[in-house]
1. Could you check how many residues of the range 243-289 are within 12 Å of the ligand (Cβ to nearest atom) and either over 19 Å from the mean Cα position of the chain (by Cα) or of a type in the set (A, V, I, L, M) (or both)?
2. Of the residues that make up the range 319-332, is at least one of a type outside the set (S, T, Y), within 22 Å of the chain's Cα centre (by Cα) and at pLDDT below 95?
3. Can you name the number of the only condition in (1) away from the ligand (no atom under 14 Å from the Cβ); (2) in contact (Cβ under 8 Å) with a residue 24 or more places away in the chain that Y231 fails?
4. Looking at this structure, is D177 assigned by TED's automatic domain parsing to the domain that holds L312, at pLDDT 60 or above and in a helix (DSSP H, G or I)?
5. Count, please, the residues in the range 219-273 that happen to be surrounded by fewer than 22 Cβ atoms within 10 Å (Cβ to Cβ), more than 18 Å from G357 (Cα to Cα) and aliphatic (A, V, I, L, M).
6. List pairs: first in the range 252-264 and in a loop (DSSP other than H, G, I, E, B), second of a type in the set (A, V, I, L, M, F, W, C) and within 10 Å of the ligand (Cβ to nearest atom), Cβ under 9 Å, 6+ apart or cross-chain?
7. Let me confirm something: among I310, I335, which residue is surrounded by 15 or more Cβ atoms within 10 Å (Cβ to Cβ), at pLDDT 95 or above, over 19 Å from N221 (Cβ atoms) and not small (G, A, S)?
8. Being within 22 Å of A187 (Cα to Cα) and free of Cβ contacts under 8 Å to residues at least 60 places away in the same chain narrows it down to one residue among R296, R342; which is it?
Amino acid sequence: MQGAATSAGAVAVAIAVRRLTRARAGDAVLAGVCGLLAILLYPWVSDLAGATGTSLLFGVAVGLLLPPERLARSLGGSLLAAIGLLGLRAWLGEGALELASGTLVLVAAGELGTGEATGERAARVGLAVLLLPLMLLSFGWVGANSAQASWFGALVSDGPRDQPYVALTFDDGPNGDDTLRLAAILAAHDARGTFFVVGRTVEEQPEVVRTLIEDGDLVGNHSYEHTRWGYLDPRYPELDRTEAAIERVTGRCPTYYRPPHGAHTPFISRLLRDRGMHMVTWEVQANDWKETDAARLARSILDQVHPGAIVLLHDGIDGLPGADRSVLIDALPLILDGLRERGLQPVTLDRLLGGPGYLDHC
Ligand SMILES: [Zn+2]
């Protein structure tokens with residue numbers, strides 16, 4: 001959603017710029033409609049035909065923003081943009097449209113520098129200079145906040161697709177009885193999960209974390225405070241603080257780190273690499289923290305799931321004590337039954353990814 005908002009912003013800026021310069025108003029409005037339609041449809045397409053269609057729509061938006069008097073250039077630009085977006089999609093997945101939107105702003109900025117009249121040209125160069133940091137900001141925001149875009153450092157959002165395994169992951173706990181009930185449901189279905197715990201809450205509920213490990217579930221690091229902006233600190237002390245808290249309680253140091261809200265920076269990636277840890281995000285999620293209907297939640301997960309999927313769920317909410325997770329407690333048996341029908345076995349992340357779940361030492 002943040003990605004879509006960024007993209008919409010990028011297209012809006014491109015359109016505003018064209019209107020300020022010399023685009024025909026009709027072209028600019030049509031480009032806006034095509035661009036926004038592409039952005040709205042893009043997250044929903046899953047096959048190549050759908051991706052091609054939305055990419056072409058996006059290409060048309062780009063073409064309409066190119067000089068109106070040069071039809072060939074506009075058509076060529078449209079086609080190139082569409083092909084480029086398709087290629088990006090294969091390479092980056094969800095991050096592709098955001099990157100393409102950023103490029104759209106760049107195209108608009110480049111356009112500004114090509115005016116004929118000298119005075120106009122100076123004004124356009126000035127605007128272009130203003131736009132460049134905006135584009136960088138937009139790239140930065142998406143790189144930091146997308147769970148799939150990996151240009152801010154290596155991350156895993158998916159396991160091998162050729163084996164019948166998936167990983168159910170539970171964030172924001174430990175959350176007292178709700179966490180234990182979810183773990184018990186997993187065990188009753190002969191399944192295990194991965195629990196990304198919040199360091200502060202680990203210290204408040206050590207017993208719950210110990211029980212998870214005794215039951216064969218895996219524990220991962222999900223920051224110490226779980227704040228919205230903690231990831232912006234380049235030293236990111238929360239990582240080690242949480243490792244230490246988990247080690248004190250269980251004697252283990254998790255290998256896997258999941259950034260709160262998926263937000264990460266190259267600094268965090270570097271800290272993880274230095275420690276031999278890995279950043280793990282997700283590919284399948286259904287807004288379970290705000291869903292109110294258990295059947296709908298289960299259906300949404302099962303509609304998206306595939307071999308190798310890493311599924312995002314929440315046994316807590318932001319590490320807050322006493323969060324009510326009864327909807328997920330009702331949905332989990334349905335999810336597990338549905339996975340079995342599809343021949344998919346839920347395993348812990350270390351089994352899915354084929355690496356150690358804990359480090360030799362913190
Ligand atoms: Zn979280």
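The values are calculated or read from the model by the stated rules, or taken from the named source; none is laboratory data. For clarity, every value in this text was computed on a predicted model and none was experimentally measured. No Cβ is skipped: glycine too gets one built from the backbone with ideal geometry, and neighbour counts run over all protein chains shown.
1. Residues meeting the conditions: 1.
2. yes
3. Looking at each condition in turn, Y231 falls short on (1).
4. When the stated conditions are applied, D177 passes them.
5. Summing the residues that are surrounded by fewer than 22 Cβ atoms within 10 Å (Cβ to Cβ), more than 18 Å from G357 (Cα to Cα) and aliphatic (A, V, I, L, M) in the range 219-273 gives 2.
6. Short answer, once both residue conditions are applied: R258/F196; R258/L312.
7. One residue alone meets the criteria, I335.
8. Working: R296 fails: within 22 Å of A187 (Cα to Cα).
R342 is the lone residue from the list that is within 22 Å of A187 (Cα to Cα) and free of Cβ contacts under 8 Å to residues at least 60 places away in the same chain.
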